[in-house]
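The values are calculated or read from the model by the stated rules, or taken from the named source; none is laboratory data. In this text, all values refer to a predicted model and were calculated from it rather than measured experimentally. In this analysis, Cβ positions are derived from the backbone assuming ideal geometry, glycine residues included, and neighbour counts consider all displayed protein chains.
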Amino acid sequence: MPSANGFGIQALAGTLVESVEISYDSETKTLMDREGNFSEAKLMDTSIGFTVRGAGTSAVAIGGTTGAPSGVSGKVVVTSVKRTQTNEDYERFEYSGTAYPNAS
């Protein structure tokens with residue numbers, strides 16, 4: 001069951017999510033005044049990268065816009081999907097993508 005911050009092992013229809021990694025990234029633009037002192041800073045191009053790993057079947061497809069972990073919002077693009085299967089274990093999956101919270 002996910003904790004209050006959205007992390008934790010969670011069972012979905014036919015799927016067991018075992019791990020979730022989320023990273024936040026943005027570029028910083030800094031302005032200086034005419035004397036060369038710090039004037040202002042602004043975050044630009046904020047994005048959220050994520051990777052989800054688990055067992056079972058996953059309906060997430062590359063280029064898809066669904067499958068983002070809890071707490072990740074905005075324009076979502078899945079950029080990588082891996083599926084593995086052996087005769088000794090359940091089917092496994094891993095997918096990753098990027099969310100752009102300020103995109104329209």
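Looking at T84, T28, can you tell me which residue is hydroxyl-bearing (S, T, Y), outside any loop (DSSP other than H, G, I, E, B), at pLDDT 80 or above and in contact with a Phe, Trp or Tyr (Cβ under 8 Å, 6 or more places away or on another chain)?
Numbers: T28 fails: in contact with a Phe, Trp or Tyr (Cβ under 8 Å, 6 or more places away or on another chain).
Of T84, T28, the one residue that is hydroxyl-bearing (S, T, Y), outside any loop (DSSP other than H, G, I, E, B), at pLDDT 80 or above and in contact with a Phe, Trp or Tyr (Cβ under 8 Å, 6 or more places away or on another chain) is T84.
Does T79 qualify as being at pLDDT 85 or above and either surrounded by 15 or more Cβ atoms within 10 Å (Cβ to Cβ) or touching a Gly at 6+ places or on another chain (Cβ under 6 Å) (or both)? Steps first, please.
Details: at pLDDT 85 or above: yes; either surrounded by 15 or more Cβ atoms within 10 Å (Cβ to Cβ) or touching a Gly at 6+ places or on another chain (Cβ under 6 Å) (or both): yes.
It is true that T79 is at pLDDT 85 or above and either surrounded by 15 or more Cβ atoms within 10 Å (Cβ to Cβ) or touching a Gly at 6+ places or on another chain (Cβ under 6 Å) (or both).
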Given the conditions (1) under 30 Å from E88 (Cα atoms); (2) modelled with pLDDT under 85; (3) surrounded by 11 or more Cβ atoms within 10 Å (Cβ to Cβ), report the number of the one that T51 does not fulfil.
(2)
Condition check for S39: among the polar types (S, T, N, Q) and within 16 Å of the chain's Cα centre (by Cα)
no
Show the residue pairs that are 6+ apart or on different chains and have beta-carbon atoms under 7 Å apart, the first residue being within segment 24-40 and under 30 Å from G74 (Cβ atoms), the second being among the acidic types (D, E).
S26/D45; E27/D45; L31/E40; S39/D33
